[in-house]
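Working notes for the structure below.
The values are calculated or read from the model by the stated rules, or taken from the named source; none is laboratory data. Predicted, not measured: the structure shown is a model, and the values here were computed from it. Cβ coordinates were reconstructed from backbone atoms using ideal geometry, including for glycine residues, and neighbour counts include every protein chain displayed.
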Amino acid sequence: NAGVTQTPKFRILKIGQSMTLQCTQDMNHNYMYWYRQDPGMGLKLIYYSVGAGITDKGEVPNGYNVSRSTTEDFPLRLELAAPSQTSVYFCASSYETGGPEGETQYFGPGTRLLVL
Amino acid sequence: AQKVTQAQTEISVVEKEDVTLDCVYETRDTTYYLFWYKQPPSGELVFLIRRNSFDEQNEISGRYSWNFQKSTSSFNFTITASQVVDSAVYFCALSEGETSGSRLTFGEGTQLTVNP
């Protein structure tokens, strides 16, 4: 298993450009997440999905969009890049059964985005 | 709203010293989950431990140990006989509700530097 993979690893965008950050997991996890990590800070949840076709906002969703057409893929879309979106973006996944044990989120290697 | 506080921004120790990383959390839920993740200089996030709110047993894994105290809302992490390879940023995280993976709230992290 490759686990959670993200592409690209690094990208420079100009203000106003758009791009899609790709995330794929091969663990058949039902839940997937996008976080951003600003320098010296913890991670903040952008969006998450509990299954194909279902997405919901996290703590910092403004300026982003997501879709979940398959179990494996959860792309993150930036429509009009702004300098405030300079960050490292992490995708994660987990398999939630709804039981009392709870499950662990496993993270991809991250995408470093610089908006100039 | 849930909150995680890691008051220690940076800690520096000499190899073989013991070190404790503090984590204090706030939540209104009776069911919640606590996590520790390690982020080495390479940037990936490595899962260390998950604990649910009904299990206050302390846990030891090799040189790592965790002390969970609901009375003080703390989930502290101790590294015994620290090594240079332990140098990393360590994040404590909290998830509320019946499923642990729905929304993780991260602390801001503690940068641990272990000097030879």
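Data table
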read-out: Any hit, the range B:37-52, residues being surrounded by fewer than 17 Cβ atoms within 10 Å (Cβ to Cβ), away from chain A (no Cβ under 12 Å), over 14 Å from the mean Cα position of the chain (by Cα) and modelled with pLDDT under 90; value: no
read-out: Test set (1) more than 14 Å from chain A (Cβ to nearest Cβ); (2) modelled with pLDDT of 95 or more - B:CYS92 fails condition number; value: (1)
read-out: Test for A:GLN17: is it more than 15 Å from the chain's Cα centre (by Cα), polar (S, T, N, Q) and either surrounded by fewer than 16 Cβ atoms within 10 Å (Cβ to Cβ) or within 13 Å of chain B (Cβ to nearest Cβ) (or both); value: yes
read-out: Check on A:TYR35, within 21 Å of B:GLN39 (Cα to Cα) and assigned to a strand (DSSP E or B); value: yes
read-out: Test: A:GLN25 is away from chain B (no Cβ under 12 Å), polar (S, T, N, Q), surrounded by 21 or more Cβ atoms within 10 Å (Cβ to Cβ) and touching a residue at least 40 places away in the same chain (Cβ under 8 Å); value: yes
read-out: Residue list for the range B:1-26, filter: surrounded by fewer than 16 Cβ atoms within 10 Å (Cβ to Cβ), more than 17 Å from B:SER74 (Cα to Cα) and of a type in the set (Val, Ile, Thr); value: B:VAL14
